[in-house]
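The values are calculated or read from the model by the stated rules, or taken from the named source; none is laboratory data. Source: prediction; values computed, not measured. All Cβ positions, glycine included, derive from the backbone under ideal geometry; neighbour counts span all protein chains shown.
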Amino acid sequence: MARQHCLKKTTQLKRMVYNPELSFLMEAHSGLSAKLVEEAGFHGIWASGLSMSAMLGVRDNNELSWSQVVDHVAFMAEVTSVPLLLDGDTGYGNFNSMRRLVRKLEQRGVAGVCIEDKLFPKTNSFIRGKAQPLAEIGEFCGKIRAGKDAQSDDDFVIIARVEAFIAGWGLDEALKRAEAYHEAGADAILMHSARRDPSEILAFKKAWGNRCPVVIVPTKYYQTPTEEFRQAGFSLVIWANHLMRSSLAAMQQTARQIFLEQSLVSVEERVAPLEEVFRLQDEPELAEAEKRYLPVTPAPESRVPGRRAFDEVRKAITGSLAKVLAPAQGGA
Ligand code: SPV
Ligand code: MG
């Protein structure tokens, strides 16, 4: 069970976004990985579209339907007490899809959603980025407004992700889009970049100033010291896919080794013990609950058919057998 927190998850996320100090969201893609993010100490979870798709064996091209995504993140939200920000791709359709998405996410305990200004079905930003068409600004603003109007919790967070740098449009377009999305009501701007250095996002932040919080995803410019992001005044850093990628590498290694060795001997010591799995599933809580809710376990004898019933059945079978066998025996 997730531990209790005195603030709503939406409020926690909103405060994190608006807090001038740099905060971090860590990627998760399942209930288990979400729990690990929380246990590691992170105050928020990024439900990555890339990672959820990859872990389910499909592409990051909206091959998962939006309701499959909502069902999936519901597990992650249910078992954690820190807020979860869903990578909502393009909002899975038009403004109407966005309204429905926001309502469903609120019902499932998700604290916020980030939508990107590309076209449905989207493609991951690191695959043929420059070939990707961007959404029309007015249409995307309508989606943001529809989402903000649909939320029933004032603290539910909607982040607008600008893909202008990814698509090769440059700083002016990035600023124009950020300004429009901010005016449409986005709580923050996620400025994405596929460069190996932070020049694009630093140039944006310098020009943007503190108009509203800015979120970054340093997957490609990972060598930049975090202190630079802090000094530049970013609000949130998203470590976007590193649990998925680390588990992938570990699973490949384990599968290969067991296949080659036809034995578990050399892997047993380096995989998580079963006790750790049971702990993360909170088995002790169920054992406690059983004590509270199940009737006192009956004595073993009373759980098998009564002795008398057993004897009667045996007598009936023996009697029938005797009847069947008697003529045969008599005739021998
Ligand atoms: C994701 O994690 O799915 C993202 C971030 O959208 S990225 O893959 O960097 O586009
Ligand atoms: Mg994504």
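Would you confirm, using the coordinates I've provided, whether Gly93 is assigned by TED's automatic domain parsing to the domain that holds Val17 and either among the β-branched types (Val, Ile, Thr) or assigned to a helix (DSSP H, G or I) (or both)?
So Gly93 does not fit the description; no.
Take the range 12-51 and flag every residue that is hydrophobic (A, V, I, L, M, F, W, C), in a loop (DSSP other than H, G, I, E, B) and within 16 Å of ligand 1 (Cβ to nearest atom).
Phe42
With the condition kept exactly as written, say whether any residue in the range 141-154 is within 26 Å of the chain's Cα centre (by Cα), surrounded by 15 or more Cβ atoms within 10 Å (Cβ to Cβ) and within 16 Å of ligand 1 (Cβ to nearest atom).
No.
Could you give me the residue pairs with C-beta distances under 9 Å whose first residue belongs to the range 79-94 and is farther than 28 Å from Gln281 by Cβ and at pLDDT 95 or above, whose second residue is within 11 Å of ligand 1 (Cβ to nearest atom) and part of a loop (DSSP other than H, G, I, E, B) wherever it lies, and which are 6+ apart or on separate chains?
Asp89/Asp60; Asp89/Lys122; Thr90/Lys122
Against the conditions (1) surrounded by fewer than 22 Cβ atoms within 10 Å (Cβ to Cβ); (2) part of a loop (DSSP other than H, G, I, E, B), where does Asp60 fall short? Just the number, please.
(1)
Check the range 50-64 and report whether any residue there is under 24 Å from Asp153 (Cβ atoms), within 16 Å of ligand 2 (Cβ to nearest atom) and either out of contact with any Phe, Trp or Tyr (no Cβ under 8 Å at 6 or more places or on another chain) or not assigned by TED's automatic domain parsing to the domain that holds Ser246 (or both).
Taking every residue of the range 50-64 in turn, at least one turns out to be under 24 Å from Asp153 (Cβ atoms), within 16 Å of ligand 2 (Cβ to nearest atom) and either out of contact with any Phe, Trp or Tyr (no Cβ under 8 Å at 6 or more places or on another chain) or not assigned by TED's automatic domain parsing to the domain that holds Ser246 (or both).
Restricting attention to the range 105-144, which residues are farther than 23 Å from Phe156 by Cβ and within 16 Å of ligand 2 (Cβ to nearest atom)?
Correct list: Leu119, Pro121, Thr123, Asn124, Ser125, Phe126, Ile127, Arg128, Gly129, Gln132, Leu134.
Yes or no, residue by residue, for (1) more than 19 Å from Leu243 (Cα to Cα); (2) of a type in the set (Gly, Ala, Ser):
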{"site": "Lys8", "(1), (2)": "yes, no"}
{"site": "Ala28", "(1), (2)": "no, yes"}
{"site": "Ser33", "(1), (2)": "no, yes"}
{"site": "Val37", "(1), (2)": "no, no"}
{"site": "Gly49", "(1), (2)": "no, yes"}
{"site": "Gln68", "(1), (2)": "yes, no"}
{"site": "Phe75", "(1), (2)": "no, no"}
